[in-house]
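Okay, so here's the structure we're looking at.
The values are calculated or read from the model by the stated rules, or taken from the named source; none is laboratory data. Since the model is a prediction, treat every value here as computed from it, not as a measurement. Positions of Cβ are generated from backbone atoms using ideal geometry, with glycine treated the same way; all protein chains shown enter the neighbour counts.
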Amino acid sequence: MKLGRWQAALGGSLVASSVIIYYLQYVIFGKPEDTFFYMFQDLAFVPVQVLLVTIMLNQLFKRREQLALQKKLNMVIGAFFSEVGSKLLKSFSEFDIRDGELHGALKMTTGWTGRDFKEALARVRAHEFAIDSKKGDLQALREFLSDQKVFLLGLLGNPNLLEHESFTELLWGVFHLTEELSRRQDIEIIPAPDQAHISGDIKRAYTLLLSEWLAYNRHLKDDYPYMYSFVVRTNPFDPDAEVEVKS
């Protein structure tokens with residue numbers, strides 16, 4: 001590793017300072033054996049200093065970097081749900097014949113704990129999605145995803161998301177659905193096998209979206225309760241949700 005000028009100058013000055021201090025100790029006290037004794041004593045502690053600096057402090061710095069990266073990731077995820085994700089939840093739910101079975105499990109409140117989020121995630125994973133591409137408004141879904149294509153591409157190009165595999169997988173699932181829908185000339189007239197294929201693409205994106213939605217809301221509950229309050233008041237799975245604060 002090549003050192004810069006200021007680093008070389010700093011290193012040289014520190015070594016020179018050490019030599020001067022040892023020389024002054026010898027001149028003042030006139031006991032070279034003591035000087036060498038303490039010199040070797042200091043050298044004996046060098047491995048411990050290396051351990052503290054290179055391992056322990058490095059871990060602390062690494063942890064700080066991870067926290068900073070996680071904060072950036074949560075900001076990106078928040079932007080996704082604000083612009084795309086929340087609307088997709090409502091749209092996707094319209095294609096699920098068994099959608100009503102999830103409403104009770106996903107009816108969040110401001111009093112939810114980590115255990116509640118874990119139970120909700122377990123319910124989502126155990127839910128038997130019955131997606132029918134003919135049940136919802138496929139044309140409206142295609143138009144919405146087409147309008148958001150540039151935004152989704154921007155998120156996929158974010159290098160920070162490489163550290164968040166599950167969210168990246170969600171983005172790819174949504175983007176794939178976007179591509180599938182955009183390539184059909186007439187989305188209202190497609191053969192039954194193709195309808196089943198589109199239903200499978202919606203199911204994939206929907207299941208991934210729900211898992212990430214719960215994980216993100218748990219983060220908001222812990223770190224940004226005022227934002228979590230807004231999510232609760234606009235929850236697409238709560239028919240009684242109202243954005244206005246009534247009490």
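Any chance region 161-182 includes a residue that's of a type in the set (Val, Ile, Thr) and under 13 Å from residue 85 (Cβ atoms)?
yes
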### Query
Which of the residues that make up region 113-134 are within 21 Å of the chain's Cα centre (by Cα) and aromatic (Phe, Trp, Tyr)?
117
### Task
Tell me the helices (runs of 4 or more DSSP H) entirely within region 113-179 that contain at least 2 residues that are within 28 Å of residue 71 (Cβ to Cβ).
114-126, 149-156
## Note on the structure
When every residue in region 132-180 that is among the aromatic types (Phe, Trp, Tyr) and out of contact with any Lys or Arg (no Cβ under 9 Å at 6 or more places or on another chain) is compared, the one surrounded by the fewest Cβ atoms within 10 Å (Cβ to Cβ) is 151
### Checklist (1) within 24 Å of residue 79 (Cβ to Cβ); (2) in contact (Cβ under 8 Å) with a residue 40 or more places away in the chain applied to residue 201, failing item
(2)
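Please tell me if residue 206 is under 13 Å from residue 133 (Cα atoms) and in a helix (DSSP H, G or I).
Values: under 13 Å from residue 133 (Cα atoms): yes; in a helix (DSSP H, G or I): yes.
In short, yes.
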### Query
Regarding residue 229, is this residue closer than 17 Å to residue 110 by Cβ, in the same structural domain as residue 86 (by TED's automatic domain parsing) and at pLDDT 90 or above?
yes
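Considering only region 86-96, I want to know if a residue exists there that is of a type outside the set (A, V, I, L, M, F, W, C), modelled with pLDDT of 90 or more and within 20 Å of the chain's Cα centre (by Cα). Full working, then the answer.
Step one: of region 86-96, the residues of a type outside the set (A, V, I, L, M, F, W, C) are 86-87, 90-91, 93-94, 96.
Subsequent filtering for residues that are modelled with pLDDT of 90 or more retains 86-87, 90-91, 93-94, 96.
Add one more test, that the residue is within 20 Å of the chain's Cα centre (by Cα), and what stays is 86-87.
Within region 86-96 (the criterion being of a type outside the set (A, V, I, L, M, F, W, C), modelled with pLDDT of 90 or more and within 20 Å of the chain's Cα centre (by Cα)), the answer is yes, since at least one residue qualifies.
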### Task
Provide a single number: the residues in region 205-221 that are surrounded by fewer than 19 Cβ atoms within 10 Å (Cβ to Cβ) and under 19 Å from residue 145 (Cα atoms).
2
